[in-house]
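**Q** Can you read through this structure? Questions will come right after.
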Amino acid sequence: MELTRSQKEIQKAAQEFAKGEFDKEVTVELEQSRSYPAELLQKAAELGFVGLQFAEEYGGGGLGLVDACLVAEALCRKDSTMGSAVVLAAFGAECLHRFGDKKMKEQYLEQVTAGKMLAGIALGESDRGDDFTVLDTTATRSDNEWIINGKKRYVTNGGAAGFYLVLCRTEAKHAENSGVALILVEPDRPGITVADLGDKLALNSVALADITFADVRVPLTNLVGKEGQGLAQARAFLDEVKILAAARAVGIAAGAFDRALAYVKQREQFERKLAQFQITRHKIADMATKIELARLITYRAAADFDKGKADPTLSAMAKMTAARMAVEVADEAIQLFGGYGYMTEQEVERYYRDAKTIELCLGTRESQKDRIADLVIGKLK
Amino acid sequence: MQLLSYTEDHHRFRARLRKFLAEEVTPHVDQWEKEHIIPRAVWQKMGRAGFICPALPKEYGGGGGDFLHAVIVIEEIARTNHSGLATPLHSDIVVPYLESYATEELKRKYLPGCACGDIITAVAMTEPNAGSDLASMQTTAEEDGGEIVLNGSKTFITNGINCDLVVVAAKDPRAAEAHQALSLYLVEAGTPGFSRGRRLEKMGYHSQDTAELFFNNCRIPKSNRLGAAGTGFYMLMEKLQQERLVVAVMAVAAAEGILEQAMRYCRETMGPKGPLNRSQALAFALVEMSTEVKIGRTFLDKLIVEHMAGSRIIVETSMAKYWTSEMAKRIADRALDLFSQAGALEKTPIVRTFRDVRVMSIFAGTNEIMKGIIAKMKIN
């Protein structure tokens, strides 16, 4: 797999942007004060790093998921937290881009790609991000409005987003979960309560909240895509953003690796560079190998997606493999730094925490395996 | 079979301590984690209640107990879901240097304060350029007319901000043999030339005041040297067995606590097909975690028995330090998976434990150092 010239240029531009704009002390401050890097997002958007895979008519780059992954990787490599915050600004917009109508896209996507609005999507109702067996939020029709009632959990950008795509039941519950739709809800509608989830293991600069909808009324035209297709749309969205999450994980791992590599080449103990010890050398070899493996499956998944051959199996595999790899690589990076690795100043501990959150969101390892097994095994006779 | 012979006295001690911690510690932990320090008053209350230096002889103000009392304190502190209250480091790692090697006069001077919580101790070995490689230590101790002059800097010092008394490892630059250059010294925090650096920000142990310490022509009486000149390495070697064992107790206690919470969460939380523990994958994960914790506990208890019998078990305690600290890390990492997205919220108690246990494979000698020691003693 070879990157095109244009992809290499985008990758380079993202690397340069990250180098020039990210500052670890600012990151730590934003994390402590739990403030979103709004200015940084603006700058990233001006350079076209938000919504690369969206159509140009909505301010997007008119490019593919591979391009979006290259940017996500480059940004997270330079700063796992700020990179993640920038990528997650559009979290949910991917779904609107695919299934929303022209009017919605004009109204919202342009602002998201301009870095002026955060996207929001409210799917799950349990601790498990991709488990839709619990789905009690309802949208009932009344004249020309939907009346929405229910509680959504773990909404990224919750409380800060310019819109929420809410997964609702529009028909009575039945086995196939077919009467489900995605409905766009504006955040200023009466009846919305946002409960912030408080301090987090990582990514404190990005809001995470539970959102309760009590008799929230929106026009019928706020339906996103087709009624009855809500679950399929949500799954398609997850299959897309899992690949982006995998790219972030690859970036995080590569960033932790860069720092550890520089350290072992410089740090001396027992009158030798750490990089001269066989154990260190093999750790470095393992880390480099793991990153390369995860990178391959991630870009393979993204490239298939761009070719119109999106493979949900590959998405789940990429997310599972890359997140696990990133946790292991960042963990090893901390170990190579010794006591310094545990200190905030050396960043790798933050990379480790950021990596772990990727493993916990969009479905854990077990969820991905359930999905992969479903697809690989198929229906039994 | 119970390997450890806890007596009625131990059980009563544990029950009293659990009540004390529930009243005096647990309600304040979140605040201390935010403030990055534990108030000295807590040490004083804890000391006066008899929970600091439980194994120190009564004649020096200690509890007159044994190592099992120390084990109980570590286990019960682990149950309070924070790691900042470093009385085990003080009671079981630093104070034993005084107890074994200080002159009778110094023991009478300092130990009662150490036991009642008025004196908080620290041990200063690690330096910015001497972590795993202790021998490359650069802090110097030179004799000058009946006094010792200390110069150098130390880092990653637990209790660094709160400490009143520090056991400092330093080298005599005039010593002929490298291994005979090292001695340990007692330095009072108020001594001119002693200063504390900034409190270090870190991944976990937030209520723990880890800091840098500086010695700039810091003059102490020659009598503040522990033991004979040049015997520092010997003293460290003697005491590291207990230090590693203490870390293993911490690691196993942390893992047991995490496992208990993960079990409860999986029993009480509904998943797609009933309670989470009915998921075969999660049930197997819990089985694997329980097995690892059990193996760790069994090995640990055996070593506690041998340690208390006075056996020299350097290899085994090094094995236990590295294996149990890795185990605690694996258990914490796996437990977060079981909590899914709740595993990313600080209000889920094991998230703090996840951040805290990460340092266990680093402090008290990295696990790579442990393996090196074992290789040297057992393999090569």
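**Q** Hey, which of the strands (runs of 3 or more DSSP E) in the stretch B:113-200, taking only ones fully inside, have at least 3 residues that are more than 24 Å from B:Ile369 (Cα to Cα)?
**A** Fully inside the stretch B:113-200 and qualifying: B:140-144, B:147-157, B:182-188, B:194-199.
**Q** If you check A:Glu73, A:Glu31, A:Glu2, which single one turns out to be modelled with pLDDT under 95 and more than 22 Å from A:Gln111 (Cβ to Cβ)?
**A** A:Glu2
**Q** Now a separate question. For the stretch A:354-373, check the following and say yes or no: at least one residue is under 24 Å from A:Glu25 (Cβ atoms), facing another protein chain (nearest Cβ under 8 Å) and at pLDDT 95 or above.
**A** yes
**Q** Are there any strands (runs of 3 or more DSSP E) wholly within the stretch A:137-221 with 2 or more residues that are buried (at least 18 other Cβ atoms within 10 Å of the Cβ), and if so which?
**A** A:138-142, A:145-156, A:164-169, A:180-185, A:208-219
**Q** For the stretch B:129-153, what are the residues that are buried (at least 22 other Cβ atoms within 10 Å of the Cβ), among the small types (Gly, Ala, Ser) and more than 14 Å from chain A (Cβ to nearest Cβ)?
**A** B:Ala141, B:Gly152
**Q** Looking at the stretch A:118-147, I want the residues that are within 9 Å of chain B (Cβ to nearest Cβ) and have a partner that is polar (S, T, N, Q) with Cβ atoms under 6 Å, at least 6 apart or on another chain. Which pairs are those?
**A** Pairs found: A:Asp127/B:Ser340; A:Asp127/B:Gln341; A:Arg128/B:Ser340; A:Gly129/B:Gln341; A:Val134/A:Ser126.
**Q** I'd like the full set of residues that are buried (at least 16 other Cβ atoms within 10 Å of the Cβ) and within 12 Å of another protein chain (Cβ to nearest Cβ), limited to the stretch A:265-298.
**A** Result: A:Arg267, A:Gln269, A:Leu274, A:Phe277, A:Thr280, A:Lys283.
**Q** With the requirement that a residue be in contact (Cβ under 8 Å) with a residue 40 or more places away in the chain, over 20 Å from B:Gln208 (Cα atoms) and more than 7 Å from chain A (Cβ to nearest Cβ), what does the stretch B:339-380 give you?
**A** Scanning the stretch B:339-380 gives B:Asn367, B:Ile369, B:Met370, B:Lys371, B:Ile373, B:Ile374, B:Met377, B:Lys378.
**Q** Continuing with this model, one more query. Would it be correct to say that B:Gly232 is surrounded by fewer than 19 Cβ atoms within 10 Å (Cβ to Cβ) and farther than 30 Å from B:Arg79 by Cβ?
**A** Criteria not met by B:Gly232.
**Q** When you check A:Thr298 against the structure, is it within 17 Å of the chain's Cα centre (by Cα), among the hydroxyl-bearing types (Ser, Thr, Tyr) and assigned to a helix (DSSP H, G or I), yes or no?
**A** yes
**Q** Now a separate question. Output the residue which, of all residues in the stretch B:154-202 that are within 14 Å of chain A (Cβ to nearest Cβ) and polar (S, T, N, Q), is farthest from B:Arg355 (Cα to Cα).
**A** This residue is B:Thr155.
**Q** So, B:Phe284, is that one within 11 Å of another protein chain (Cβ to nearest Cβ), over 22 Å from the mean Cα position of the chain (by Cα) and in contact (Cβ under 8 Å) with a residue 24 or more places away in the chain or not?
**A** The answer is no for B:Phe284.
**Q** Then there is this: Which residues, counting only those in the stretch B:39-54, are surrounded by fewer than 17 Cβ atoms within 10 Å (Cβ to Cβ), touching a residue at least 24 places away in the same chain (Cβ under 8 Å) and outside any helix (DSSP H, G or I)?
**A** Scanning the stretch B:39-54 gives a single hit, B:Ala49.
**Q** Return a yes/no flag: does the stretch B:340-350 have any residue that is assigned to a helix (DSSP H, G or I) and either within 15 Å of B:Ala255 (Cβ to Cβ) or in the same structural domain as B:Glu33 (by TED's automatic domain parsing) (or both).
**A** yes
**Q** Quick one: how many residues across the stretch A:332-345 are facing another protein chain (nearest Cβ under 10 Å) and either under 26 Å from the mean Cα position of the chain (by Cα) or not in a helix (DSSP H, G or I) (or both)?
**A** 6
The values are calculated or read from the model by the stated rules, or taken from the named source; none is laboratory data. Remember, it's a predicted structure, so these values are computed and weren't measured experimentally. Heads up, the Cβs are rebuilt from the backbone with ideal geometry, glycines too, and the neighbour counts pull from every protein chain shown.
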